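Report on the structure given below.
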Amino acid sequence: MAPNSTRRTRAALTSRVTVLAWFGCIALSGPLSAQPLQILPPKPAAAKPAGPRPLPLPPMRPPGLGMPRIAEAATVQAAAVGAVAPAAAEAARTTQAPPVTRARSGAPATREEAIERLNAYLNSFTTLQGNFIQHAADGRRLEGRIYIQRPGKMRFEYEPPATIEVIADGTSVAVRDKRLATQDVYSLGQTPLKFLVRERMDLAREGTITGAAVDGDVLTLRLEDRTTLGGTSKIALKFDLAANVLRQWVVIDPQGYETSVSLYNLDTQRKPDAKNFVIDYQRKL
């Protein structure tokens, strides 16, 4: 095989491994290279890679995003048994943190409000299309277009040199590689991003909510999904309160590898072509 052809095949294989790892379908072990893919059965998660990797900021944020910063309110628990003396109660009131100052965007003050805010956004559209930038655990950056039609349909088209397409048709998810002539099919319910295509979203029922925080005008909601292939996936949703749009999600797969996807140029009015969501199960690439 010619050197250029070998390099192209290796690059295609690397892109495919990156995408499959994002969906929790395979494990990554060391640097990505042209090596056989290992399909993992469900098993306990391996140890996470040492050291956190800084997350890229969502692109194309509106002017002034993150200003003013919002003070985080401290949660005060009444643990004393019996009556509290008036003097002690007054001292507690003067020392506790001030209440949350709401930004002009109307930042939620409680975790319940944050969940409802995200639910309302995700339930406000049935179609969506736009651009994405994906940063993989190995540092690779991939770009492309995303299409969603709820319920159940989704497509990721990766720009060259990647040769990958990810298609959800309402039941299954196919990871198709045109260069390597492969197509891997999984159940939609086994992927960590099924929340994007639910007919009616309720994040409190989608997984275990582990935290919510507001930093400037960015709301971050964290949850765990124990139903993904291979074990538990951790998901962080980053929601722009000022623009009222989902800017980014971060997935940590059952092996502990992290992938972030940032969204921009989103359009919820134009309906995607129905051909975008067709999986040819008999197709030979």
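The values are calculated or read from the model by the stated rules, or taken from the named source; none is laboratory data. Everything quoted here is computed from the prediction, not taken from an experiment. Here the Cβ positions follow ideal geometry from the backbone for every residue, glycine too, while neighbour counts run over all protein chains shown.
Restricting attention to segment 121-154, report how many residues are farther than 14 Å from LEU266 by Cα, in a strand (DSSP E or B) and basic (Lys, Arg).
The number of residues fulfilling the criteria is 2.
Could we say that LYS238 is charged (D, E, K, R), under 22 Å from GLY144 (Cβ atoms) and assigned to a loop (DSSP other than H, G, I, E, B) here?
Here the answer is no, as LYS238 does not meet what is asked.
Does ALA243 qualify as being under 23 Å from PHE125 (Cα atoms), among the small types (Gly, Ala, Ser) and part of a loop (DSSP other than H, G, I, E, B)?
yes
State yes or no: is LEU241 modelled with pLDDT under 90, among the aliphatic types (A, V, I, L, M), buried (at least 21 other Cβ atoms within 10 Å of the Cβ) and over 13 Å from the mean Cα position of the chain (by Cα)? Break it down into steps so the answer makes sense when it comes.
Details: modelled with pLDDT under 90: no; among the aliphatic types (A, V, I, L, M): yes; buried (at least 21 other Cβ atoms within 10 Å of the Cβ): yes; over 13 Å from the mean Cα position of the chain (by Cα): yes.
No, not satisfied.
Can you find even one residue in segment 203-215 that is at pLDDT below 90, charged (D, E, K, R) and in a loop (DSSP other than H, G, I, E, B)?
No, that holds for no residue.
I'd like the full set of residues that are within 10 Å of ARG111 (Cβ to Cβ) and either buried (at least 18 other Cβ atoms within 10 Å of the Cβ) or of a type in the set (Val, Ile, Thr) (or both), limited to segment 211-238.
Residues satisfying the conditions are ALA212, LEU221.
Could you tell me how many of the residues in segment 94-120 are part of a helix (DSSP H, G or I), of a type outside the set (Gly, Ala, Ser) and either surrounded by 19 or more Cβ atoms within 10 Å (Cβ to Cβ) or at pLDDT 80 or above (or both)? Step through it out loud before you land on a result.
Filtering segment 94-120 down to residues part of a helix (DSSP H, G or I) leaves 94-95, 111-120.
Pick out the ones that are also of a type outside the set (Gly, Ala, Ser) and you get 94-95, 111-113, 115-119.
Keeping just the survivors that are either surrounded by 19 or more Cβ atoms within 10 Å (Cβ to Cβ) or at pLDDT 80 or above (or both) gives 111-113, 115-119.
Qualifying residue count for the region: 8.
Which one of these is under 21 Å from ARG179 (Cβ atoms) and surrounded by 14 or more Cβ atoms within 10 Å (Cβ to Cβ): ARG141, ARG150, ARG145? Step through it out loud before you land on a result.
Numbers: ARG141 fails: surrounded by 14 or more Cβ atoms within 10 Å (Cβ to Cβ); ARG150 fails: under 21 Å from ARG179 (Cβ atoms).
Only one candidate qualifies: ARG145.
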